[in-house]
Structures are given as C-alpha cells and as structure tokens.
Amino acid sequence: AQSVTQLDSHVSVSEGTPVLLRCNYSSSYSPSLFWYVQHPNKGLQLLLKYTSAATLVKGINGFEAEFKKSETSFHLTKPSAHMSDAAEYFCVVSNYNQGGKLIFGQGTELSVKP
Amino acid sequence: EAQVTQNPRYLITVTGKKLTVTCSQNMNHEYMSWYRQDPGLGLRQIYYSMNVEVTDKGDVPEGYKVSRKEKRNFPLILESPSPNQTSLYFCASSLSPLYGYTFGSGTRLTVV
C-alpha cells in the first residue's frame, strides 16, 4: 500500500528565511510524487511533481523538492519565504490503481511572519 | 485558459433534496475525479473516471452518483443529501496520473 506522512502539521518561518516542509512516503514500486498548495478558500494548485526523471525537481514560485529513495523522502524547500507563501501544503503520492487516485498527506500549514 | 470549472462555489440545501455539482474541463483530459475534504480526515476520493462512459468508485462513494457522457463533463449527483455530506468538494482532471491532477476551485456544500 502507498502512503505519505508529513512530519510537521505546522511550520512557522520569518519572511526571507528558508522553508523546509518534510514528507516521507511509502510505496512498493517507483512512485509518482507531488506537492500541492492550498491557499485559504482556494483550490489545490500543483507546485511540482516527481516522475522518476531528475531527483531534484523544480516547481513554481521558487519551490523545489528532492527525491531521496534511500530515505524515502520528498522534502519541499524554498530558499527565501515570502508572505504570499502562507498556505497549507500537501505531499501526495499517486496510486496507479483507481484512476491514479491521489493519496494525500495530512497537510502542513506554513505561516510566514513579517 | 486551461482550467477545471465547478459550480456552484457555495451551496446550502436541505436533507433529501437532490442536487448536482457540475464539473467541466477544457484540457481534453481523459481522467477525472471527485474528492471531498473534511477536517481531520483530509482529502478522500469519491469517484473517478478514466474515459467517457467509464466510471468507478473511489474510497467513499456511498450517497453519490456520477456520469461521464462527454469527455469534458463529470457531474457529481447527490440523490438524497444528508448532513454527513456537508463538506468541501473538489473536481480534478488529468491527462495521465503520472503528471498530476488539475483541481477546480471547490464547492462548499452544507446540508441542513
């Protein structure tokens, strides 16, 4: 069975400092992994995806994530946080069955202090 | 603009009154899916479709129906809504699950 675990339910950073949101996954085969962001009262936006090409994946708005098979991790980073980054972030794995069902982590709420 | 459009954005209804939440995508995607989001339970798949006239149950299909008569549309039907279906609903579409899904803006449904 596939699953993802987001290690922090809430992360708080100051504007201009680095962001690290942690995610571990479990999969019996090579996974497709994603990070999505949800701003308050908005839908889910795809930040980036890993599909067994490069292990360092660059996404939108300066975010990137590194796939580490040995650690079963897919942590999301950004060098410098912006106020507009405050949102909820979901690490997601795609199940090849059930029409590519997305299995969501519990979410990490990112707060950015001025 | 490539997008998934859901309507309505907000809906308050009464128990037992049939309703339909519409979903339309303009990207010629084959895969479409419905999810519900609930506090403490996260996002869960309700139904999915891999092509026209091909639909199947997700993890929480009870009380819901779907249809896929055209590629672009994937409506969610609640024949007899109950208060436990109060939730935030998302429709999503994808060219291939390998590439991720594009989500609509959500429909906040309240059943009283």
Additional length obtainable on full extension of the chain from A:LYS68 to A:ASP8, 0.36 nm per residue less Cα span = 19.8 nm
Of the beta bridges DSSP finds with both residues in chain A, what % are antiparallel, to the nearest 5?
-> 90
How big is the charge dipole of chain B about its Cα centre, in debye rounded to the nearest 20, if each Lys and Arg gets +1 on its Cβ and each Asp and Glu gets -1 on its Cβ?
-> 260
Gain on full stretching of the segment that runs from B:TYR10 to B:ASN51 - 0.36 nm per residue minus C-alpha separation = 12.0 nm
Dimensionless Rg over Rh [the protein assembly as shown; C-alpha; Kirkwood] | 0.97
For the residue pair B:ASP59 and B:THR86, what label-to-label distance in nm results when each label sits 7 Å from Cα along the Cα-to-beta-carbon direction?
-> 2.3
Filtered chymotrypsin sites (Phe, Trp or Tyr not before Pro), region A:24-114: DSSP coil and at most 15 other beta carbons within 10 Å = A:TYR29, A:TYR96
Under the definition of Cα pairs under 8 Å and six or more residues apart, what whole-number percent is the relative contact order of region B:66-111?
-> 35
What is the projected area of the convex hull of the Cα atoms of chain B, averaged over all directions, in nm²?
-> 6.5
Dipole of chain B [Lys/Arg +1, Asp/Glu -1 at C-beta], most positive-end residue of B:LEU109, B:SER33, B:PRO61 = B:LEU109
Please find the FRET efficiency linking A:TYR29 to B:ASN28, where r is the Cβ-Cβ separation and R0 is fixed at 30 Å, and quote it to the nearest 0.05.
-> 0.60
Qualifying GluC sites (Glu not before Pro) in region B:7-112, DSSP loop, other Cβ atoms within 10 Å at most 14 = B:GLU53, B:GLU62, B:GLU70, B:GLU79
Around A:GLY62: net Lys/Arg minus Asp/Glu count, Cβ-Cβ under 15 Å | -2
If you take the Cα Rg of region B:10-62 and divide it by 2.2 N^0.38 Å, with N the number of residues, what do you get?
-> 1.32
A student applying the Cα gyration tensor rule (rounded when a/c is under 1.5; otherwise prolate if a/b is larger than b/c, oblate if not) would label region A:32-78 prolate
Estimated inter-spin distance, A:HIS82 and A:TYR96, nm [label 7 Å along Cα→Cβ] | 3.8
Would you mind computing, in nm to one decimal, how far apart the modelled labels at A:ALA54 and B:GLU1 are, each placed 7 Å from Cα along Cα→Cβ?
-> 2.8
Residues meeting the amide H criterion for A:GLU15 (H placed from the backbone, H to H distance under 5 Å, 5 or more places apart or on another chain) are A:LYS113
Descending Cα extents along the principal axes, chain A, whole Å | 43, 29, 22
Which order results if A:SER111, A:SER84 are arranged by neighbouring Cβ count within 10 Å, fewest first?
-> A:SER84, A:SER111
For every other residue with a beta carbon closer than 12 angstrom to the beta carbon of B:VAL60, add +1 if it is Lys or Arg and -1 if Asp or Glu, then tell me the sum.
-> +1
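No lab work stands behind these numbers, since they all come straight from the coordinates. These figures come from a predicted structure and were not determined experimentally. Note that each Cβ is placed from the backbone with ideal geometry, even for glycine, and that neighbours are counted across all protein chains shown.
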